[in-house]
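Here is the structure we will look at.
The values are calculated or read from the model by the stated rules, or taken from the named source; none is laboratory data. Owing to the predicted nature of the structure, the values given are computational and were not obtained by experimental measurement. Using ideal geometry, Cβ is built from the backbone for each residue, glycine included, and neighbour counts are taken over all protein chains shown.
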Protein chains: 2
Amino acid sequence: MSAENEVLAGVLAGDMRAVARACRMVDERWPGHLELLAALFSRSRGSWWIGITGAPGVGKSTLTSRLVQHLRAQDQRVAVVAVDPSSPFSGGALLGDRIRMQAHWADPEVFIRSLATRGALGGLSRTTADVARVLSAWGAEVVLIETVGVGQDELEVMQVAHTTLVIQAPGAGDDLQAAKAGLLECADVFVVNKADLPGADSAAQHLRGMLALTGVTGGSGPGALAGHGAAARPSTMSEASNEGWEVPVLSCVAQRDEGIAELLGALRQHFSWLSTSATGQARRVERSRRELVALLRERLSAVLVERQESQIAQLAERVSRGELDPYAAVQTLLGSAGLV
Amino acid sequence: MSAENEVLAGVLAGDMRAVARACRMVDERWPGHLELLAALFSRSRGSWWIGITGAPGVGKSTLTSRLVQHLRAQDQRVAVVAVDPSSPFSGGALLGDRIRMQAHWADPEVFIRSLATRGALGGLSRTTADVARVLSAWGAEVVLIETVGVGQDELEVMQVAHTTLVIQAPGAGDDLQAAKAGLLECADVFVVNKADLPGADSAAQHLRGMLALTGVTGGSGPGALAGHGAAARPSTMSEASNEGWEVPVLSCVAQRDEGIAELLGALRQHFSWLSTSATGQARRVERSRRELVALLRERLSAVLVERQESQIAQLAERVSRGELDPYAAVQTLLGSAGLV
């Protein structure tokens, strides 16, 4: 049996070591990783991917850890993909999240994987999706994807998830207003963590105000989810929007396990909306389309860079000497591939 | 005269409105933007691109503003490209940097451009390079590219620059250790800003220690640049490394204009090293190669997505229903394009 097939069989058999190896194959784009992913695909269907984001200090890891705990209490198999802002060079990932989550490390029904944000051809969102797929094939019913909510790539990671939870906390600072603007459009559910601190109510109020401003009508809790009309939601990035889904703004205190059950309920309502409503279905198709385009982009450049390696090297030499502009050089490359 | 040609003529004539329009064409990937860039290329040669990065609060904008001031005192034409962590959806960029830099707005030899981090096909680093090229063709001898130092995309922006300056400040917090790990490998010059605050010396010491640990021997100032042996520098992202260049760690107080002249001197030494040493030359070729690959990737997916739009939509439909895995779907697409 080849190494790839061994890994495949191991993942399907639920062997944690094989799962770890498969994650690494995929994360590092080893030869054969696409075949592995294709073989795992049918087994990965039906899993629910939740993106969890928020600025440093809002309590992402604590909240993630609580969600794991509640999902485990409901006897669901869970995976966590922690996307760290660590080095694209080091190949390593921070241990911080692991330490904070050590309660779950001993549980054989929980798999935790840290991703370094590498400079992979396909980008971080590509790798995250593929690792989540491996973990789904292993049998994770829910995959929690935790990411820092700053940076373009991180926003793209959120688009990989079915449901995106954005965490805020009172007094998280103005530096992050800009990030918020992006997050506002990404969020399917908002939660204000540390709701026992002063300013929590006004933070929630502020969020609702911003949601109303951008046309994404925020509810005031899970109870406010049903029965409202569709909110017009401008979106330039996806054709299928959240139309018909009202983004709720909840509150919780992750540290004291308060409000987590309600939060999980709201998240589940979103997932069921995705599966049952027509707009939810359209969003799923759009998500697949985006994945195809991203995958196509990665494969294409891999194929062409491999095929035309020496031509690229020669052209780069000429461009760096100023003899040729890079735009003309790329036309030449496309021409050689019969694509112009 | 076509609109593109009018813009081209305007940029070459130094018309600021035409420059603004060209930046927008490029940033938003209008039809004809590649032809415009190709036409501008020969005029953009020789310009020096400096990437400036650091966590929020280290004083990036103040320091950038000081560098502009010193460069202007040396009678150089300067452009600033501010890459904001703002919404990929909103299409807008923050005014913060503009306000802080208002002293330079009235100067016709300074051009300031804010980029929103859009979800463009080619990615933020692609757009940044192209905007910098427009500004170089306008006649900017130095282009300062200011970016938040967190996130994969932001690290890639740094690779666009010839020289990368990483700013630290005392007490900037441990949350950013991870980002530092990536920045450590990106930096050509380090500076500890706010050197009048307690902890500045130990921050510089800490940096030098980390540089030594990773094999990038840090000097102790511009005086330490010359005469040292080459430092081995592990790098997984670029073939041509900083070998032969010792990364200096300087100090400054941007607010009080202290240490800026020395900093600019160190940055200039790096640029001249790039042009005169063999390893510097190799790095320039590698930079061109990276640009070609990035451009190729963008063009390729644009060509294929356009050509195969309806096929992609059909396949996405099937993938979302679980009838087909996305990896097989992409093989089908590549097959239709005659690429497998």
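It is to be established whether one or more residues within the stretch A:299-311 are within 7 Å of chain B (Cβ to nearest Cβ), among the basic types (Lys, Arg) and closer than 30 Å to residue A:192 by Cβ.
no
Looking at (1) touching a Leu at 6+ places or on another chain (Cβ under 9 Å); (2) at pLDDT 80 or above; (3) under 15 Å from residue B:51 (Cα atoms); (4) part of a helix (DSSP H, G or I), can you tell me which one residue B:132 breaks?
Just one mismatch for residue B:132, condition (1).
Can you give me the ranges of the helices (runs of 4 or more DSSP H) entirely in the stretch A:1-48 with at least 1 residues that are closer than 15 Å to residue A:129 by Cα, under 23 Å from the mean Cα position of the chain (by Cα) and not hydrophobic (A, V, I, L, M, F, W, C)?
Filter on the stretch A:1-48 gives A:16-27, A:33-44.
Restricted to the stretch B:285-298, and to residues that are of a type outside the set (Ser, Thr, Tyr) and free of Cβ contacts under 8 Å to residues at least 24 places away in the same chain, which residue is nearest to the other protein chains (Cβ to nearest Cβ)?
B:289
From B:55, B:18, which residue is more than 21 Å from residue B:162 (Cβ to Cβ), in contact with a strand residue (DSSP E or B) (Cβ under 8 Å, 6 or more places away or on another chain) and surrounded by 17 or more Cβ atoms within 10 Å (Cβ to Cβ)?
Being more than 21 Å from residue B:162 (Cβ to Cβ), in contact with a strand residue (DSSP E or B) (Cβ under 8 Å, 6 or more places away or on another chain) and surrounded by 17 or more Cβ atoms within 10 Å (Cβ to Cβ) holds for just one of B:55, B:18, which is B:55.
Take the residues of the stretch A:313-340 that are of a type in the set (D, E, K, R) and facing chain B (nearest Cβ under 7 Å): which is surrounded by the most Cβ atoms within 10 Å (Cβ to Cβ)?
A:325
What number of residues within the stretch B:71-84 satisfy the criterion of being more than 12 Å from chain A (Cβ to nearest Cβ), outside any loop (DSSP other than H, G, I, E, B) and in contact (Cβ under 8 Å) with a residue 60 or more places away in the chain?
Matching residues across the stretch B:71-84 total 5.
Taking the stretch A:266-276 only, how many residues are loosely packed, with under 15 Cβ neighbours inside 10 Å and either within 14 Å of another protein chain (Cβ to nearest Cβ) or in contact with a helix residue (DSSP H, G or I) (Cβ under 9 Å, 6 or more places away or on another chain) (or both)?
2
In this structure, is residue A:68 in contact (Cβ under 8 Å) with a residue 40 or more places away in the chain and out of contact with any Asp or Glu (no Cβ under 7 Å at 6 or more places or on another chain)?
Yes; evaluated as a whole, the condition is true for this residue.
What is the residue count in the stretch B:22-40 for residues that are surrounded by 19 or more Cβ atoms within 10 Å (Cβ to Cβ) and in contact with a Gly (Cβ under 9 Å, 6 or more places away or on another chain)?
Total satisfying the criteria: 2.
With (1) within 30 Å of residue B:302 (Cα to Cα); (2) in contact with a helix residue (DSSP H, G or I) (Cβ under 8 Å, 6 or more places away or on another chain) as the list, and residue B:20 as the residue in question, which single condition is left unmet?
That leaves (2) as the condition not met.
Given (1) crowded, with 20+ Cβ neighbours inside 10 Å; (2) without any contact (Cβ under 8 Å) to a residue 40 or more places away in the chain; (3) not aromatic (Phe, Trp, Tyr), where does residue B:310 come up short, assuming only one miss?
With respect to (1) crowded, with 20+ Cβ neighbours inside 10 Å; (2) without any contact (Cβ under 8 Å) to a residue 40 or more places away in the chain; (3) not aromatic (Phe, Trp, Tyr), residue B:310 is out only on (1).
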